[in-house]
Amino acid sequence: MSFKNSKFYNSVSKVEEFMFNDIEKTTTLVNDPQVGAPNLLLALGLCCYTEYWGRLLIGIATGNGSRCFNAFFDRLGHLYVKVRNGKNEIYRSVRCGLAHSYLIEESSVIDMKSGLPCGVEYDDQTAHYAFHVRTYFEHFKNAVNDYIQGLENATENLFLMEQALKNKPELV
């Protein structure tokens, strides 16, 4: 069976569209001097979205959040693998920090910089994180598009994606 014939094709396509549009619309607020972009919420959303796509990638519907997050985080590029391997607490410090403490669990800055080599940086000497929302989003979009293309050309495991979505609500 091909991805386009999968019962989850429409839902996954809509999730992708929703996530991309959600982040793109919200990042435009950076140009509004009265509002500004909600950097923390954008970073949190991107981290949660990263975990979601990791679930599809490795076929886990619930639980194992760090494993799912890390699996897709590594798909963002070799520099993400490098920062995660150098500082294995990315999931706890960044994703969980944003979700549960409303901040990255160590000294940090969340900014809207784009075009950088990596969207998450960690300086061992200062124990400081930098989360660059637009850069992370650029790499995230590429990784999602590559994953979906892999589902379409059968280089990604369709069965694992279906296992992760089995008995889950669909986006309609």
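What does the charge count near SER66 come to, summing +1 for each Lys or Arg and -1 for each Asp or Glu among other residues with Cβ under 11 Å from its Cβ? Spell out each step's value before the answer.
Values: positive: ARG67, ARG84, ARG92, ARG95; negative: GLU51, GLU89.
Combined, the nearby Lys, Arg, Asp and Glu give +2.
Let me know the number of lysine pairs in the chain closer than 22 Å at the Cα, not counting same-chain pairs under 8 apart.
The result is 16.
Specify the residue with the greatest mean-square fluctuation among LEU116, LEU103, LEU40, computed from a Gaussian network of the chain linking alpha-carbon atoms under 10 Å apart.
LEU116
Hey, if you drop one equal point scatterer on each alpha-carbon of the range 20-172 and run the Debye formula without solvent, what base-10 log of I(q)/I(0) do you get at q = 0.09, 0.11, 0.18, 0.21 Å⁻¹?
Each listed q maps to, in turn, -0.29, -0.43, -1.11, -1.41.
So what is the relative contact order of the chain, in percent, for Cα pairs below 8 Å that sit 6 or more residues apart? Walk me through the numbers before you get to the answer.
Numbers: 237 pairs, mean separation 48.1, N = 172.
Averaging sequence separation for qualifying contacts and normalising by length gives 28 percent for the chain.
Which of LEU56, LEU46, LEU160 moves most in a GNM of the chain, Cα contacts under 10 Å?
Result for the chain, Cα springs under 10 Å: LEU160 fluctuates most.
Set the Förster distance to 30 Å, then compute FRET efficiency between LEU40 and SER11 from the Cβ-Cβ distance, nearest 0.05.
Numbers: r = 28 Å, r/R0 = 0.94.
Step by step, r from the Cβ atoms, then E = 0.60.
Around LYS25, what is the net charge, scoring Lys/Arg as +1 and Asp/Glu as -1 over all other residues with Cβ under 13 Å from its Cβ?
Values: positive: none; negative: GLU17, ASP22, GLU24, ASP32.
It works out to a net charge of -4.
So how far, in whole Å, is the C-alpha centre of the range 122-146 from the one of the range 1-15?
Cα centroid of the range 122-146 versus Cα centroid of the range 1-15: 28 Å apart.
Helix 9-27: angle to the longest alpha-carbon principal axis of the chain, degrees 0 to 90, nearest 10?
Long axis of 9-27 versus the principal axis of the chain: about 20 degrees.
Subtracting the Cα-Cα distance from 0.36 nm times the residue separation, let me have the gained length for LYS82 to LYS168 in nm, one decimal.
On the way: separation 86, 0.36 × 86 = 30.96 nm, distance 3.30 nm.
Using 0.36 nm per residue and subtracting the Cα-Cα distance, I get 27.7 nm.
FYI, it's all coordinate maths here, none of it is from the lab. Bear in mind that the values here come from a model prediction, so they are computed numbers and not experimental data. Note that each Cβ is placed from the backbone with ideal geometry, even for glycine, and that neighbours are counted across all protein chains shown.
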